[in-house]
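To start, the structure itself, in structure tokens.
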Amino acid sequence: ENSDVLKVIHNATFERSVLTRLNLPIVNVFDTLTASRRIRGKRIEGGHGLAAVCERELGRSLDKTEQTSDWTRRPLTERQIAYAALDGEVLLELHARFAAQMLV
């Protein structure tokens, strides 16, 4: 809810739909999915999924296997933690890349 903190999210529409059910609004969002579509066009080979965007924009491959694992189970596995950390890292890299391109 803090508008002072920028949230970098890929597919903020989905995240908002999930968090709205929990009565948790999110504001001050930079959506890397929206930015990718704005910069590259709505239709592009490979699409705008996070793995495709990372490959195209950063030259990085993402293994999205852990995305569908059980995130309610504690403790999280080492693979889940590594996946979440990489996800956060690439989102920051995409934000930097897209924000610079959108200023041009």
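Side notes on the structure shown:
- Extending 7 Å from Cα along the Cβ direction at Arg16 and again at Arg74 yields two label points whose distance is 3.0 nm.
- Taking GluC sites (Glu not before Pro) in DSSP loop conformation with at most 10 other Cβ atoms inside 10 Å as exposed sites, the chain has its longest uninterrupted site-free stretch at 46-104.
- Here is the P(r) of the chain: all C-alpha pair distances, binned every 10 Å from 0, give 13, 41, 37, 9, 0 in whole percents.
- Neighbour cut-off at most 10 other Cβ (10 Å), DSSP loop, trypsin sites (Lys or Arg not before Pro), the range 36-104: Lys42, Arg43, Arg73
- Evaluated with a Cβ-only charge set (Lys, Arg +1; Asp, Glu -1), the range 16-99 carries a dipole of roughly 420 debye about its Cα centre, given to the nearest 20.
- All other residues whose Cβ lies under 13 angstrom from that of Ala100 are scored, Lys and Arg at +1 and Asp and Glu at -1, for a net of -1.
- Average accessible surface area per residue within the chain, 1.4 Å rolling probe, Å²: 68
- Once backbone amide H atoms are built at 1.01 Å from N, Phe30 has Lys7, Val8, Ile9 as its partners under 5 Å, excluding neighbours fewer than 5 places away on the same chain.
- For the range 44-96, the share of accessible area belonging to carbon and sulfur comes to 56 percent (1.4 Å probe, ligands and nucleic acids excluded).
- Ordered from largest to smallest accessible area (heavy atoms of protein chains, 1.4 Å probe), the residues Asp4, Asp63, Asp87 come out as Asp4, Asp63, Asp87.
- Per-residue [θ]222 nm for the chain (sum of -39500 (n - 2.57) over DSSP H runs n ≥ 4, rounded to 500): -16500 deg cm²/dmol
- Phi-based couplings in Hz for the range 51-56 (Karplus 6.51, -1.76, 1.60; Gly and Pro marked x): 4, 5, 5, 5, 5, 5
The values are calculated or read from the model by the stated rules, or taken from the named source; none is laboratory data. Predicted model, so just to flag it, every value in this text is computed and none were measured. Positions of Cβ are backbone-derived with ideal geometry, glycine not excepted, and every protein chain shown enters the neighbour counts. Quick note on the areas: whole protein, heavy atoms, side chains included, nothing else; ligands and nucleic acids left out. Shrake-Rupley method; radii C 1.70, N 1.55, O 1.52, S 1.80 Å.
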